[in-house]
Amino acid sequence: MANDLHHGWEAVIGLEVHCQLMTHSKIFSGAAIQYGAEPNTQACAVDLALPGVLPVLNEDAVKKAVTFGLSVDAKIAERCVFARKHYFYPDLPKGYQISQYELPIVYEGHLDIELENGTTKTIGITRAHLEEDAGKSMHENFSGATGIDLNRAGTPLIEIVSEPDIRSAAEAVAYLKKLHQLVVYLGVCDGNMQEGSFRCDANVSVRKVGAPKFGTRTETKNVNSFRYVEKAIEYEISRQIEVIESGGTIRQETRLFNPDTGETRAMRSKEDANDYRYFPDPDLLPVVCTQDYIDAIRGSLPELPEAKRARFEKDFGLSPYDAKTLTSSRELAAYYEAVVKDSGADAKLCANWVSTDLLAVLNKQGKDINESPISAAALAGLLQRIADKTISGKIAKEVFEAMAAGEGGADDIIKAKGLVQITDESAIIRAIDDVMVKSPEQVAGYRAGKDKLFGFFVGQVMKATQGKANPDAVNRLLKDKLAG
Amino acid sequence: MSLSPEQVRQVAQLARLQLAPEQTEHYARQLSNILEMVDALSRVDTEGVAPMAHPLDMVQRLRPDVVSETDQRAAMQSIAPKVADGVYLVPRVIE
């Protein structure tokens, strides 16, 4: 375990994840939130904080926050309250961010993660609160000025705060991946880390193993890939141990991760941590979630990854590994289920084709399951041709490659390439006779007891039939013939 | 409860208010008066009274998730002190 690498030291890690909600409009205004729009074309009077504007809360943002809360077994606040968090920065035109402080909408949940040794660990989720994102500041290219784009200002977020239950960088990554999969499954967040839809701040401290109290922690901001989170946390753990072992003390501060060097550096000291001067926002009334409302959302939750995995193992007889692969995304799972249903073929056979052949093609073509060159119905069509013995499994691979290259459906390709399996026994017998005539030495050898030569005959017959002979029939007829 | 001149300077700094040195005493006195009034309120027995987040006894109404605002950038930027390439310009800030 990673802890042992640090000679008697233990890391204590808590993560804060900002997760952009997949709404059409902003949390407090009717402006759009499409990524990549021209600067400030999606920033209305509310987002610009012009005098006299008032926030009006987006019902779908509330619904998505509750959806998330229910999926992590959290409590949903009957009444939650928005608060103003004050700080001055030009991409925050109001001078405060509307967030939640004392009464967040979601609290006391948990997420189970799987560790490398196969055990499960529960990570507490302290809270998840609704808030608005800030705009974007650009310090380059404006000759000494800072450019402000407020398209992102007011984008709905939930900030998901974990308990300090995480003990290593690997656990942190396992937690983040699980959380990421969950919010994407739920349709709460698109999960796009490059575009900043899912970003992570890591609170890290170290202490001697067994020490009762936590050490002083630092916060590393905005780490935007799983790999960087792991590197940033590893670096921070080692740095803190080194500082303490050489007689120094850790300062509570905010640090930035530099992906080029793999190091973190101090950004600002957190001495003023309590100076956000939170107070309830008088522009917004308390939000009430009734039991009926919560129950309705609970009733509409999709099947979650773990439940789906268990069902795939049970109903389709899949191995835990295959079930995990096939449920890694909702779309892939739906694809697999459609293949099973449409083909009527063996579920394990379908699983092999999807998790091995299809994923390989997608990987090679750099495509997502949604852009698959072979639709579920098309793959089902191919597997039906194996099931009804039109083609062998080996020929099917060839047909599959052609389908991946966009040459058409299974039946078209089988026909165009003349790949129909030869089941006509007289044709196979003719091929066998031909091979035996051409290979008298091998026939004699086999009959003298060289059983291994059987494979040679199978190979020759398959070659003579361009791989189209039904393998079962070839085996059976060859045995008869060779027996003399 | 009374505020020290140092606390007044700190609060002013947080609110980005410029305070002349001779004003500090003046505001320290005034702000302390306000805090004394709040102190008086906090002597009231509120045992069993739920904290109130808003003076109105109402709940938040929600709006449907619909894009209702069109692009008004040209109008917005016509009243901005400085713009370039569609962005608002401010004096350079680097953390």
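Scan segment A:49-97 for residues that are part of a loop (DSSP other than H, G, I, E, B), more than 23 Å from the chain's Cα centre (by Cα) and within 16 Å of A:Leu130 (Cα to Cα) and report the count. Walk me through it before giving the result.
Within segment A:49-97, the first condition is being part of a loop (DSSP other than H, G, I, E, B), and the residues that meet it are A:49-56, A:72-74, A:77-78, A:81, A:87-95.
The next check asks that each one be more than 23 Å from the chain's Cα centre (by Cα); those that pass are A:49-56, A:77-78, A:81, A:87-95.
Adding the requirement that they be within 16 Å of A:Leu130 (Cα to Cα) leaves A:55-56, A:77-78, A:81.
Residues in segment A:49-97 being part of a loop (DSSP other than H, G, I, E, B), more than 23 Å from the chain's Cα centre (by Cα) and within 16 Å of A:Leu130 (Cα to Cα): 5 in total.
What pairs come up if the first residue lies in segment A:45-62 and is closer than 22 Å to B:Ser78 by Cα, the second is of a type in the set (S, T, N, Q), and their beta carbons are under 7 Å apart, counting only those six or more places apart or on different chains?
A:Val46/A:Ser29; A:Asp47/A:Ser29
For segment B:60-81, does any single residue satisfy the condition of being under 24 Å from A:Val288 (Cα atoms) and either more than 9 Å from chain A (Cβ to nearest Cβ) or open to solvent by 90 Å² or more (accessible area, probe 1.4 Å) (or both)?
yes
Every residue in segment B:40-59 that is among the β-branched types (Val, Ile, Thr) and more than 7 Å from chain A (Cβ to nearest Cβ), please.
Narrowing segment B:40-59 to residues among the β-branched types (Val, Ile, Thr): B:44, B:46, B:49, B:59.
Answer for segment B:40-59, where residues must be among the β-branched types (Val, Ile, Thr) and more than 7 Å from chain A (Cβ to nearest Cβ): B:Val44, B:Thr46, B:Val49.
Out of A:Ala351, A:Ala360, report the one residue that is among the small types (Gly, Ala, Ser), free of Cβ contacts under 8 Å to residues at least 12 places away in the same chain and assigned to a helix (DSSP H, G or I).
After ruling out the rest, the residue left standing is A:Ala360.
Name every residue in segment A:98-137 that is over 20 Å from the mean Cα position of the chain (by Cα) and assigned to a loop (DSSP other than H, G, I, E, B), in order of residue number.
A:Tyr101, A:Glu102, A:Leu103, A:Pro104, A:Ile105, A:Asn117, A:Thr119, A:Asp133, A:Ala134, A:Gly135 - these are the residues of segment A:98-137 that are over 20 Å from the mean Cα position of the chain (by Cα) and assigned to a loop (DSSP other than H, G, I, E, B).
Given the criteria open to solvent by 10 Å² or more (accessible area, probe 1.4 Å) and at pLDDT 95 or above, does A:Leu176 qualify?
On the way: open to solvent by 10 Å² or more (accessible area, probe 1.4 Å): no; at pLDDT 95 or above: yes.
In short, no.
Quick check on segment A:362-377. Is at least one of its residues at pLDDT 85 or above, under 18 Å from A:Met462 (Cβ atoms), of a type in the set (A, V, I, L, M, F, W, C) and open to solvent by 30 Å² or more (accessible area, probe 1.4 Å)?
Within segment A:362-377, the subset at pLDDT 85 or above is A:362-377.
Checking the rest, the ones that are also under 18 Å from A:Met462 (Cβ atoms) come to none.
No, every residue in segment A:362-377 fails to be at pLDDT 85 or above, under 18 Å from A:Met462 (Cβ atoms), of a type in the set (A, V, I, L, M, F, W, C) and open to solvent by 30 Å² or more (accessible area, probe 1.4 Å).
Given the options A:Gly196, A:Gly215, A:Gly191, name the one that is surrounded by fewer than 17 Cβ atoms within 10 Å (Cβ to Cβ), in a loop (DSSP other than H, G, I, E, B) and more than 14 Å from chain B (Cβ to nearest Cβ). Reasoning before the result, please.
Working: A:Gly215 fails: surrounded by fewer than 17 Cβ atoms within 10 Å (Cβ to Cβ); A:Gly191 fails: surrounded by fewer than 17 Cβ atoms within 10 Å (Cβ to Cβ).
The match here is A:Gly196.
Scan A:Gly408, A:Gly445, A:Gly467, A:Gly449 and give me the residue that is open to solvent by less than 60 Å² (accessible area, probe 1.4 Å) and either touching a residue at least 12 places away in the same chain (Cβ under 8 Å) or in contact with a strand residue (DSSP E or B) (Cβ under 6 Å, 6 or more places away or on another chain) (or both). Spell out how you get there, then give the answer.
Working: A:Gly408 fails: either touching a residue at least 12 places away in the same chain (Cβ under 8 Å) or in contact with a strand residue (DSSP E or B) (Cβ under 6 Å, 6 or more places away or on another chain) (or both); A:Gly445 fails: either touching a residue at least 12 places away in the same chain (Cβ under 8 Å) or in contact with a strand residue (DSSP E or B) (Cβ under 6 Å, 6 or more places away or on another chain) (or both); A:Gly449 fails: either touching a residue at least 12 places away in the same chain (Cβ under 8 Å) or in contact with a strand residue (DSSP E or B) (Cβ under 6 Å, 6 or more places away or on another chain) (or both).
Just a single option satisfies the conditions, and that option is A:Gly467.
Scan A:Ala266, A:Ala333, A:Ala345 and give me the residue that is outside any loop (DSSP other than H, G, I, E, B), open to solvent by less than 70 Å² (accessible area, probe 1.4 Å) and more than 14 Å from chain B (Cβ to nearest Cβ).
Numbers: A:Ala266 fails: more than 14 Å from chain B (Cβ to nearest Cβ); A:Ala345 fails: outside any loop (DSSP other than H, G, I, E, B).
After applying the criteria, what remains is A:Ala333.
Would you call A:Thr23 touching a residue at least 60 places away in the same chain (Cβ under 8 Å), open to solvent by 20 Å² or more (accessible area, probe 1.4 Å) and within 14 Å of another protein chain (Cβ to nearest Cβ)? Steps first, answer last, please.
On the way: touching a residue at least 60 places away in the same chain (Cβ under 8 Å): yes; open to solvent by 20 Å² or more (accessible area, probe 1.4 Å): no; within 14 Å of another protein chain (Cβ to nearest Cβ): yes.
So A:Thr23 does not fit the description; no.
Pairs only if they're at least six apart or on different chains, beta carbon under 6 angstrom, first in segment A:138-151 and more than 7 Å from every other protein chain (Cβ to nearest Cβ) and at pLDDT 85 or above, second surrounded by fewer than 18 Cβ atoms within 10 Å (Cβ to Cβ) and part of a loop (DSSP other than H, G, I, E, B); list them, first residue then second.
A:Asn151/A:Ala37
In segment A:98-105, is there at least one residue being among the hydrophobic types (A, V, I, L, M, F, W, C), open to solvent by 50 Å² or more (accessible area, probe 1.4 Å) and over 19 Å from A:Leu21 (Cα atoms)? It would help to see each step written out before you state the result.
Start the filter on segment A:98-105 by keeping residues that are among the hydrophobic types (A, V, I, L, M, F, W, C), which leaves A:98, A:103, A:105.
In the following step, the residues that additionally are open to solvent by 50 Å² or more (accessible area, probe 1.4 Å) were identified as A:103.
From what is left, the residues that are over 19 Å from A:Leu21 (Cα atoms) are A:103.
Yes, there is a match, as at least one residue in segment A:98-105 is among the hydrophobic types (A, V, I, L, M, F, W, C), open to solvent by 50 Å² or more (accessible area, probe 1.4 Å) and over 19 Å from A:Leu21 (Cα atoms).
Yes or no: segment A:152-169 includes at least one residue that is under 14 Å from the mean Cα position of the chain (by Cα), outside any loop (DSSP other than H, G, I, E, B) and under 29 Å from A:Tyr35 (Cα atoms). Walk me through it before giving the result.
If we filter segment A:152-169 for residues that are under 14 Å from the mean Cα position of the chain (by Cα), which is where we start, we get none.
For segment A:152-169, residues under 14 Å from the mean Cα position of the chain (by Cα), outside any loop (DSSP other than H, G, I, E, B) and under 29 Å from A:Tyr35 (Cα atoms): absent.
Would you call A:Thr254 of a type in the set (Val, Ile, Thr), within 30 Å of A:Gln181 (Cα to Cα) and assigned to a loop (DSSP other than H, G, I, E, B)?
It is false that A:Thr254 is of a type in the set (Val, Ile, Thr), within 30 Å of A:Gln181 (Cα to Cα) and assigned to a loop (DSSP other than H, G, I, E, B).
With respect to A:Leu50, determine if the residue is more than 9 Å from chain B (Cβ to nearest Cβ) and modelled with pLDDT of 95 or more.
Values: more than 9 Å from chain B (Cβ to nearest Cβ): no; modelled with pLDDT of 95 or more: yes.
Considered against the rule, which asks whether it is more than 9 Å from chain B (Cβ to nearest Cβ) and modelled with pLDDT of 95 or more, A:Leu50 comes out as no.
Which condition does B:Leu35 not pass, out of (1) within 26 Å of the chain's Cα centre (by Cα); (2) within 12 Å of another protein chain (Cβ to nearest Cβ); (3) open to solvent by less than 90 Å² (accessible area, probe 1.4 Å), if it passes all the others?
So B:Leu35 meets the others, but not (2).
The values are calculated or read from the model by the stated rules, or taken from the named source; none is laboratory data. The structure displayed is predicted, hence computed values, not measured ones. Don't worry about glycine lacking a Cβ; one is built from the backbone with ideal geometry, like all the others, and counts go over all protein chains shown. With ligands, DNA and RNA removed, areas are computed over all heavy atoms of the protein, side chains included. Shrake-Rupley method; radii C 1.70, N 1.55, O 1.52, S 1.80 Å.
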